[in-house]
Amino acid sequence: MAPSCSPINPLHVAVIGAGAAGLVAARELRRESHSVVVFERNTEVGGLWVYTPQSEPDPLSLDPNRTVVHSSVYDSLRTNLPRECMGYSDFPFVPRPEHDESRDPRRYPTHREVLAYLRDFAREFKLVEMVRFGTEVVLVEQDGRKWKIRSRNSDGVSRDEIFDSVVVCNGHYTEPRVAQIPGIDLWPGKQLHSHNYRVPDPFKDQVVVVIGNFASGSDISKDLTGVAKEVHIAARSKPSETYEKLPGADNLWLHPMIETACKDGSIVFKNGKVVQADTIVHCTGYIYHFPFLNTNGYITVDDNCVGPLYKHVFPPALAPGLSFIGLPWMTLLFTLFELQSKWVAAVLSGRVTLPSEDKMMEDTSALYAKRDANGFPKRYTHRLGVVGQAEYLNWIADQIGEPPVEQWRNKELEDGYVRLATQSDTFRDKWDDDHLIAEAYEDFLRQKLISAIPSQIFG
């Protein structure tokens, strides 16, 4: 529904996580006059973008009692999308400051540049003052019409507090999804998930099988070619006859998925090829995980479908007291975080109203029925895609009286995914859409978000 003229009703709101989603959620909630506490278990802002050379003691991250390392960032990681389409609407992700050699001005910068941007954002909007660092949320549950949060600080001291609303922004790149491989229990080699991959050095002279050929799989495969004896990519999406020597390295091959792993150390692919492998790296994605959340079974995670959720944000029976920011994927993530946050903040203040619980459930059921009718698995529930993401983001923008997402931003996403799929070895350094870069920076200038186009952009 469109914004109403109702008076703003300030609430006491908890935000879980101070990453890219939690930071903008805190800003938008405060803009709607809510009092905000952000719980962050790390010692700084940035969430998954905070790189650490440390990895988890369990290389597959399957042990529920393991010491969890939040970040999944590897040392060589660069962004998958152009920087100008990644930033928040009123704080563009442009090279800044211009003469700081510690910054990365490239169009597809490293993870360190993204973290620097998030630190800049937090500083610009004075968000750090709302964050409790070193504080992990261990329980979220209803307490009458309010919500109880139990948190634990770095000294192990627990504390219970009551909030009017809880906004979950804890990310979904920490709990790995691992491929199921016939015979793997008897296979003698090593396995790890990309969550625990940092640098290629430990794989020197090894034969490595990488499962997955999207972003992290493609990156890590190329990272390994410089030190490994051979790298073999197993791609579920490829036909069973696939067998290609990939460009850019003389020790990199593409296969279909693994048929079986054998106790003699060999890996058999569905194309019939056999390799003696030392290590398997699972670049197979992540699962949504909310170990702190107790809704008496109302919210479930079934094959990575979190539900029921109205428009991926509000659980109908618990709205608006509980909400989730950042679940959808294959979209303009920072734009998604910002628009969802504006919507949640406006709903909580009473400036925007939600449909009835029944109407929200009806809409959610229709989404699931459409997914099933199209033959998509449950794990694709939150996948938006190029067309779907534009429709979704513009729908939220309309709810809150914001303009639609810029066409240049949507086009950069669309073209960026095409380059990622068709020229994975060069897409970060070669492109043919300078006109979109120009349009983006002209837009930033027109809105007075920047004072000049940085010299690094067009030389």
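The values are calculated or read from the model by the stated rules, or taken from the named source; none is laboratory data. Just so it is clear, the model here is predicted, and its values are computed rather than measured. Using ideal geometry, Cβ is built from the backbone for each residue, glycine included, and neighbour counts are taken over all protein chains shown. The accessibility values were calculated without ligands, DNA or RNA, using every heavy atom of the protein model including side chains. Shrake-Rupley method; radii C 1.70, N 1.55, O 1.52, S 1.80 Å.
Taking a probe of 1.4 Å, how large is the accessible area per residue of segment 392-459, in Å²?
Values: 3660 Å² over 68 residues.
Here the residues of segment 392-459 average 54 Å² of exposed surface.
Which value, in Å² rounded to 10, gives the accessible area of Lys370 with a 1.4 Å probe and all protein chains present?
Its heavy atoms expose roughly 130 Å² to the probe.
Quick one: with all protein chains in place, what share of the accessible area of segment 28-85 is carbon or sulfur, to the nearest percent (1.4 Å probe)?
Numbers: 1240 of 2430 Å².
Carbon and sulfur together cover 51 percent of it.
Return the whole-Å distance between the Cα centroid of segment 142-187 and the Cα centroid of segment 289-346.
Here the answer is 14 Å between Cα centres.
I need the peptides 306-316, 69-79 ranked by packing, meaning the mean over residues of other C-beta atoms within 10 angstrom, with the highest value on top.
Working: 306-316: 21.5, 69-79: 19.4.
In descending order of packing, they fall as 306-316, 69-79.
Can you give the helix-only mean residue ellipticity at 222 nm for the chain, where every DSSP H stretch with n ≥ 4 adds -39500 (n - 2.57) and the sum goes over all residues, rounded to the nearest 500 deg cm²/dmol? Numbers along the way, then the final one.
Details: 8 runs with 115 residues, N = 459.
Helix-only estimate at 222 nm: -8000 deg cm²/dmol.
Calculate the length of the line joining the C-alpha centroid of segment 82-126 to that of segment 372-409, in whole Å.
25 Å
Sort Ile287, Ile162 by heavy-atom solvent-accessible area, probe 1.4 angstrom, most to least.
Working: Ile287 55, Ile162 80 Å².
So, going from the largest accessible area down, we get Ile162, Ile287.
How large is the accessible surface per residue of segment 303-362, computed with a 1.4 Å probe and reported in Å² as a whole number? Numbers along the way, then the final one.
On the way: 1510 Å² over 60 residues.
Accessible surface, normalised per residue, equals 25 Å².
Using only the alpha carbons of segment 65-205, what is the convex hull's orientation-averaged projected area in square nanometres? Let's see the in-between values first.
Values: hull surface 57.0 nm².
Hull-based average projected area comes out at 14.2 nm².
Taking all protein chains as present, what is the carbon and sulfur share of the accessible area of segment 322-459, in % to the nearest whole number, probe 1.4 Å? Mind showing how you got there, number by number?
On the way: 3380 of 6500 Å².
Taking all protein chains in place, segment 322-459 shows 52 percent carbon and sulfur surface.
Take Phe324, Phe133 and sort them by solvent-accessible surface of the protein heavy atoms, 1.4 Å probe, largest at the top.
Numbers: Phe324 0, Phe133 70 Å².
The ranking, largest first, comes out as Phe133, Phe324.
Keeping all protein chains in position, work out how much accessible area Tyr243 exposes to a 1.4 Å probe, and write it in Å² to the nearest 10.
Using a 1.4 Å probe on the heavy atoms, I get roughly 110 Å².
Under 29 Å Cα-Cα from Lys238, which lysines qualify once same-chain neighbours fewer than 8 residues away are excluded?
Straight-line reach from Lys238, under 29 Å: Lys190, Lys204, Lys222, Lys229, Lys263, Lys270, Lys273, Lys370, Lys378, Lys411, Lys430.
Taking all protein chains as present, what is the carbon and sulfur share of the accessible area of segment 199-281, in % to the nearest whole number, probe 1.4 Å?
Details: 1820 of 3700 Å².
Roughly 49 percent of what the probe reaches on segment 199-281 is carbon or sulfur.
Take the Cα atoms of the chain, find their three principal axes, and give me the spread along each one in whole Å, biggest first.
Result for the chain: principal-axis Cα extents of 69, 55, 50 Å.
Once the cut-off is 19 Å, how many percent of the Cα-Cα pairs in segment 164-216 end up in the long-distance tail? The partial results should precede the final answer.
Working: 644 of 1378 pairs.
So the pairs more than 19 Å apart make up 47 percent of the total in segment 164-216.
To the nearest 10 Å², what's Trp329's accessible area with a 1.4 Å probe?
We get 80 Å² for Trp329.
Using each residue's phi in segment 425-430, evaluate 6.51 cos²θ - 1.76 cosθ + 1.60 at θ = phi - 60° and report the 3J(HN,Hα) Karplus result to the nearest Hz, with x for Gly and Pro.
8, 10, 4, 7, 10, 9
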